[in-house]
Amino acid sequence: MKNCSMPKTAKIAISLPEELLASVERERRNRGESRSQFFRRAAEALLRRRQEMCEHYIRAYQQIPETKEEIEAARHAATDILGKEPWE
């Protein structure tokens, strides 16, 4: 027999500015969602978006990596900047 139980969940408490909570309440009511559903969907969307941005950055870098000249210019700039720092 398959295990048809839901994945484990954890309850959390968060603090929000009152205006933000009011906006959340309006939005979730309009969508017919519970608070849990709203925040779960929002967290999933944020994490998915960050992953997509990271993957996009990597693809772009792979398509157009920096040149040897750009690497050398960055190295010189870093050396110049760090050389001016007080290392006490």
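A few remarks follow.
- Between the Cα long axis of helix 35-63 and the first principal axis of the chain there is an angle of about 30°, rounded to the nearest 10.
- Among SER36, SER15, SER23, the residue with the largest mean-square fluctuation in a Gaussian network model of the chain, with springs joining Cα atoms closer than 10 Å, is SER15.
- Taking a Cβ cut-off of under 12 Å around VAL24, the surrounding Lys, Arg, Asp and Glu residues balance to a net charge of +1, with basic ones at +1 and acidic ones at -1.
- Residue among SER34, CYS54, ILE14 farthest towards the positive dipole end of the chain, charges placed on Cβ: SER34
- Note that the range 15-31 has calculated 3J(HN,Hα) couplings of 10, 10, x, 4, 5, 5, 4, 4, 5, 4, 4, 4, 5, 5, 5, 4, 8 Hz, one per residue in order, obtained from phi through the Karplus relation 6.51 cos²θ - 1.76 cosθ + 1.60 (θ = phi - 60°); glycine and proline are x.
- Look at the Cα gyration tensor of the range 18-83: its axes a ≥ b ≥ c give a/c of at least 1.5 with a/b over b/c, and that counts as prolate.
- Phi-derived couplings, Karplus 6.51 cos²θ - 1.76 cosθ + 1.60 at θ = phi - 60°, listed residue by residue for the range 78-84: 5, 4, 5, 5, 5, x, 8 Hz, with x used for Gly and Pro.
Each reported figure results from applying straightforward, stated rules to the coordinates on display, with no laboratory input. Quick caveat: nothing in here was measured; it's all calculated off a predicted structure. With ideal geometry, Cβ positions are generated from the backbone for all residues, glycine too; neighbour counts draw on all protein chains shown.
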